[in-house]
Structure formats: C-alpha cells, structure tokens
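A quick write-up on the structure given underneath.
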Amino acid sequence: MSKSVINLMIDGLLFLLLFAMAGLGLLIKYVLLSGYQTNEIYGGNVELLFWGLDRHQWGTIHLWVSLVFVFFIFLHVILHWTMIVCIAKKIIAGSGTRLVVSFSLAFLAIILGIGPLFIEPEVGSFEVRHLNRRDVVVNNSESQIDEISGVFSAETNELKDDQQEEQTHDDLFDSLEISGSMTLSGVAEQYQVSVNELADALNVSRSESNETLGRLRKKYGFRISRVKEEVIKLQ
C-alpha cells in the first residue's frame, strides 16, 4: 500500500473521529440531560439512555474516541514530518526560533492534554438563612446578629407554618410518579382528578387526553413538573 493511500485513509479517519467527538458532545449536553434537567422535563424516577447507555457511559466513550483521535494525529504528523520541517524552514527564519516555537507548541499540547489530571478542584462553601423567602446573610457584626435574632424571635411561628406547608407540598410533589409515557387520562384516573380540568389547566385540548404526556409536552411546551403541580391543585 502506497504512502499516499495510507495518508488518505488516516485523513478520512481523522475526519470521522472529529465529527464523532462533536456528535457525542451534543448527545451528552442536549439529549442525555443531567439529573435536575431530567427531573424538570420528564419528572422523577426517570433515567435517559441511548442504546442502553447513560450520559456518563457515553462520556467515557467520548474520552476514548478523543484518545484515538490524538493517536492518529500523532501518526499523521509523523508521516508528514518531512513536509512540516520544509514548510517550517520557509516561514520561520533561524533554527533557534524554530526550536523555541516547537518546544512552545509541545509544552502547550502537554498542558492542555494531561494538565487537567493534576488540577485540584475548588471547594466552595456558603451559608444562606431563609426568612420569608428573603436571603439573610449572617456575618460577625454584633448589631446585625442582634437585629436578625429579633426578627427570628418575632416571626418564629409564621416561619414554622410556612416550612410545614412547604414540606407538605414537597412530599406530595415527590410522591407523584408521573412520566412522559403516561397519558393525560391515565394520570387523571390514577390520582382521581378530572381529566377535563387537568387538560384545561395545561391548556391542552380535551380531545387529546389519550395522548402521552411526552407528545403533549412537545406540542404544548409544558413540563412534567407542571403536570404534578396541577394535579396537586386539583386534588
């Protein structure tokens, strides 16, 4: 097999690997969503898969595709080394300058390629106190501490009532097992609410109550979390 044919095959592989990395990145970012995004759109107890693999497993595949791409890049450079040297001599005057540029590129490649393995993550911490849905920042100022303590003592009962109501709502919300594969009428029957009232609350045509929530969500733009909220209101 001639060298030109090998070069053409490597170039074709590099082309495919490049678009495979881009496609896997789009899959992980916009299709296999992260946990909180999945809960907002599809509701709880849902795991997004593609070919039986979740976003973390596809992330591992993305890493291996990237490593294969790097290998073929090195092979491409080796096979074109003579041409690279000739072009470098023409556009960069002086062997010393070419040496500096070469070492600089190699150093940057190493930093970008394996540098992240040596990064220490930053661990941030913060404390937020909630008072009637307003954030109160507590510092070491005695006057501010006294003022906040007075407010807390004056509104303790009201704050407890609010917390109990929020806890009850959260418990009800988490107890609802609603997914995109369920129909609107099925949800209404399961949780004993009026299907017509539920359809009206979601601005969905009553005639489409037997459609799945996944299709209705795409058509009408609501989220599974809103379905749960409306079911709680109607109960």
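The values are calculated or read from the model by the stated rules, or taken from the named source; none is laboratory data. Fair warning: this is a prediction, and the values are worked out from it, not measured in the lab. Don't worry about glycine lacking a Cβ; one is built from the backbone with ideal geometry, like all the others, and counts go over all protein chains shown. Ligands, DNA and RNA are stripped out before the accessible areas are found, and what is left, the full protein with its side chains, is counted by its heavy atoms. Shrake-Rupley method; radii C 1.70, N 1.55, O 1.52, S 1.80 Å.
Quick notes on this one:
- Here TRP58 sits with roughly 20 square angstrom of accessible surface, probe radius 1.4 Å.
- Relative contact order of the stretch 172-235: 43 percent, from C-alpha pairs under 8 Å at least 6 residues apart in sequence.
- In this view, the solvent-accessible surface of THR82, computed with a 1.4 Å probe and all protein chains in place, comes to about 100 Å².
- Each Lys and Arg adds +1 at its Cβ and each Asp and Glu adds -1 at its Cβ; summed about the Cα centre, the stretch 20-119 shows a dipole of about 620 debye.
- For LEU176, the accessible area of its heavy atoms, probed at 1.4 Å with every protein chain present, is near 10 square angstrom.
- Listed residue (VAL31, ILE84, SER95) projecting farthest to the positive dipole end of the stretch 1-120, Cβ model: SER95
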